[in-house]
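Everything below concerns the one structure shown next.
The values are calculated or read from the model by the stated rules, or taken from the named source; none is laboratory data. Keep in mind the model is a prediction, meaning the values are calculated, not measured. Glycine gets a Cβ as well: all are built from the backbone with ideal geometry, and neighbour counts include every protein chain shown. Side chains included, ligands, DNA and RNA excluded: accessible areas come from the protein's heavy atoms. Shrake-Rupley method; radii C 1.70, N 1.55, O 1.52, S 1.80 Å.
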Amino acid sequence: MSLEQNNADYSVLNYLQLPVIVFSANEHREVFKNESFQLVEQYYLHASNNPTNKHLAQIINSKLSENDTDKFEVEINNGSYRHIFRFTANVVGEHVIVEGEDITELKRNQFLFNRTNTLLEDYSKQMFELAHTDQLTNVPNRRALFAKFSQLQSKHKEFSCTVPLIDLDYFKRFNDSFGHDFGDQVLVTFTKHVKDSIDDTCYFARLGGEEFCLIQINNKDTVCFANTAKLLQTTKTIKLMTPDNSYIGMSFSAGVAVYGKDGISLDELLNNADKALYIAKENGRSRVVNFEGA
């Protein structure tokens, strides 16, 4: 069959808006390309992303021969014209018909979709963090504390912990004597001190106001009590400069509840730790009291 006969056979492809090129299956020789393909090839020949200035037909033939693939993409970008074509090859008898599809809009939509998903994920993460973080001290809040407790309880088969409920002593005096900004400074300073003092076995959260909570995981009761007592002693060493350039210290009272002995839900543990905290305050503050001994 002559090239002229082939051109006549495939001339109907000129009616297609899709770019189409035909090769001989055995020799990989170009047999026919429709007018749409010639137009695309013209753009490709002059495009900035084609430094070799090869004809598009050569590129396609090379991909068919070397990569043994029936689908590939080609980008055409000459500054004012940027399109991405996906070419699909099909063997029909003695010929390979390669049809191109402009997927620029599809790629753009995929990019926008992925970008939107990323933005939504970031936004969702930010909203989650805002909802679970105390904005003043930047530590987990009450909501986060309950979520963490449930996670720990379900994750560890042999779960055990102690729950110290901590209340800064005479905090109202800080606000009344030096203003709420100084009171905020006290809370931030205490929070930083605790974060610097605890390890990975502890989870620290602010419940609200001057009240905080520690979950101490999988340590012996006596160890957890000793840790809380040590934290109290180091807290007493903190000296804050007041607005009138004097120095003032801080301390806290704490009630400690033990998982299993004093409850298995966080509500139970906090309730019993609060009872022990009340005893600590009634007996002069600046001390740690176990619920068992309350």
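Applying the set (1) assigned to a helix (DSSP H, G or I); (2) open to solvent by 60 Å² or more (accessible area, probe 1.4 Å); (3) closer than 26 Å to residue 263 by Cβ to residue 199 leaves exactly one unmet item: (1).
Taking residue 267, is it without any contact (Cβ under 8 Å) to a residue 40 or more places away in the chain, farther than 13 Å from residue 168 by Cα, in a helix (DSSP H, G or I) and charged (D, E, K, R)?
Considered against the rule, which asks whether it is without any contact (Cβ under 8 Å) to a residue 40 or more places away in the chain, farther than 13 Å from residue 168 by Cα, in a helix (DSSP H, G or I) and charged (D, E, K, R), residue 267 comes out as yes.
Taking the numbered list (1) surrounded by fewer than 16 Cβ atoms within 10 Å (Cβ to Cβ); (2) in a strand (DSSP E or B); (3) of a type outside the set (S, T, N, Q) in turn, residue 205 passes all entries but (1). Checking the structure you have, find out if any residue of the stretch 92-107 is open to solvent by 70 Å² or more (accessible area, probe 1.4 Å) and assigned to a helix (DSSP H, G or I). Yes; the residues of the stretch 92-107 include at least one that is open to solvent by 70 Å² or more (accessible area, probe 1.4 Å) and assigned to a helix (DSSP H, G or I). Taking residues in the stretch 173-194 that are over 21 Å from residue 233 (Cα atoms), and partners anywhere that are polar (S, T, N, Q), the pairs with Cβ atoms closer than 7 Å and at least 6 places apart or on different chains are 178/242; 182/242. Residues in the stretch 108-142 that are open to solvent by less than 100 Å² (accessible area, probe 1.4 Å) and charged (D, E, K, R): 122, 129, 134. If the condition is being without any contact (Cβ under 8 Å) to a residue 60 or more places away in the chain, in a loop (DSSP other than H, G, I, E, B) and acidic (Asp, Glu), then the stretch 108-143 contributes no residue at all. The set of residues from the stretch 235-264 being assigned to a loop (DSSP other than H, G, I, E, B), hydroxyl-bearing (Ser, Thr, Tyr) and within 23 Å of residue 193 (Cβ to Cβ) comprises 237, 242, 246, 251.
This table checks each residue for (1) open to solvent by 20 Å² or more (accessible area, probe 1.4 Å); (2) farther than 15 Å from residue 164 by Cα.
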{"position": "221", "(1), (2)": "yes, no"}
{"position": "228", "(1), (2)": "no, no"}
{"position": "240", "(1), (2)": "no, yes"}
{"position": "245", "(1), (2)": "yes, yes"}
{"position": "276", "(1), (2)": "no, no"}
{"position": "285", "(1), (2)": "yes, no"}
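If only one of 146, 190 is surrounded by 20 or more Cβ atoms within 10 Å (Cβ to Cβ) and not in a loop (DSSP other than H, G, I, E, B), which one is it? Lay out the reasoning, then the answer.
Values: 146 fails: surrounded by 20 or more Cβ atoms within 10 Å (Cβ to Cβ).
Matching residue, one of 146, 190: 190.
Number of residues in the stretch 27-69 that are open to solvent by 20 Å² or more (accessible area, probe 1.4 Å), in a loop (DSSP other than H, G, I, E, B) and either touching a Ser or Thr at 6+ places or on another chain (Cβ under 8 Å) or closer than 24 Å to residue 14 by Cα (or both) equals 6.
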